[in-house]
Amino acid sequence: MIPAQFDYQAPKTLDEAIALLARHPDDSKILAGGHSLIPAMKLRLAQPQLLVDIGRIKDLSYIREDGNRILIGAMTTHYEIESSVSFKKLCPLLPECASHIGDVQVRNKGTIGGSLAHSDPAGDWPAAIIALGAELVVVGSGAERVIKAAVFFVDMLTTELQAGEILREIRIVKPSGRFGQSYQKVHHPASGFAVVGVAVTVNLTSDGSCESAGVGITGIASKAYRADGVERALIGNPFAEQSIVAAADHACDGVEANSDLYASGEYRRHLAKVYTRRALQAAASRAM
């Protein structure tokens, strides 16, 4: 349980961090909260020659409102989001999702950016930001670019981040009108990761029909994904029990479910439908 030898740098600015990565594009790793990288290094599943600790870059930790958007710095901790009074009013899905992550110690140290960049197939944040249609701002030595959440996650532990790039910010459009949100999760009893996690956000018309919907699901496949079959089944229909149940049946459309020692693929597919229904029911009660 001893990592291979490595060099360590703790830049104090984003520019310094980008410069370090540019000089070591193939043998460096970024350290954020460290809950995933450090265990991997101890098991020697990851052996970076250089560890770039961005924890001292204060400009990467913030929660701001910018017009109709919410901006979240990549180094904002889970607890800061969970305990944000403004978030509980503006976008309650985010603090609810944060409250399901690990334990108190993990939430006080772990960061939203680190979780998203790691792309664990059972991580909580990917489902939430997919449901919200978030944008992720990444920066490198070349330029800054914006990536849609729906395409950011490529595969297990793989994202659209390129060598030398750092996730800087998450941008979310503020929900408005008559909306409801929910995150429902089956926790793995040992790790706390999602066996299945479902994030939903819905907007309703004045007559109670579904105007728009976002559904993100984690724990099922090799990456979190957008359940667009559920969304299509909801939009334009009355947001009532019958349509919710029918829509939830599309939770795993076109998705190959993972099997492991804890849950078979068949069981995961069943859980996805059940917890999609529960998340939609909770969102409905909050939108009324």
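The numbers here are math on the coordinates, done by the rules we state, and not lab data. The structure displayed is predicted, hence computed values, not measured ones. Note that we place each Cβ from the backbone using ideal geometry, even for glycine, and neighbour counts take in every protein chain shown.
Points to keep in mind about this one:
- The chain: calculated mean residue ellipticity at 222 nm from DSSP helix runs of at least 4, using -39500 (n - 2.57): -9000 deg cm²/dmol
- Within the shell of other residues whose beta carbon sits under 13 angstrom from the beta carbon of residue 201, the net charge comes to +1, with Lys and Arg scored +1 and Asp and Glu -1.
- Spin-label pair residue 274-residue 144: with each label point 7 Å from Cα along the Cα-Cβ axis, the two points sit 4.5 nm from one another.
- Among residues other than residue 62 with Cβ under 14 Å from its Cβ, the summed charge is 0 (Lys and Arg +1, Asp and Glu -1).
- Euclidean distance between Cα centres, segment 171-229 to segment 1-64, Å: 31 Å
- Pairwise FRET efficiency - residue 246 versus residue 15, Cβ, R0 = 35 Å, nearest 0.05: 0.10
- With θ taken as phi - 60° and the Karplus curve 6.51 cos²θ - 1.76 cosθ + 1.60 applied, the whole-hertz 3J(HN,Hα) list for segment 147-161 is 10, 5, 4, 4, 10, 5, 8, 9, 6, 4, 6, 9, 10, 6, 4 Hz, x standing for glycine and proline.
- Difference of contour (0.36 nm per residue) and Cα-Cα distance, residue 108 to residue 49: 18.5 nm
- Rounded to whole Hz, the Karplus (6.51, -1.76, 1.60) HN-Hα couplings of segment 199-209, x for glycine and proline: 10, 9, 9, 9, 10, 10, 7, 5, 8, x, 7
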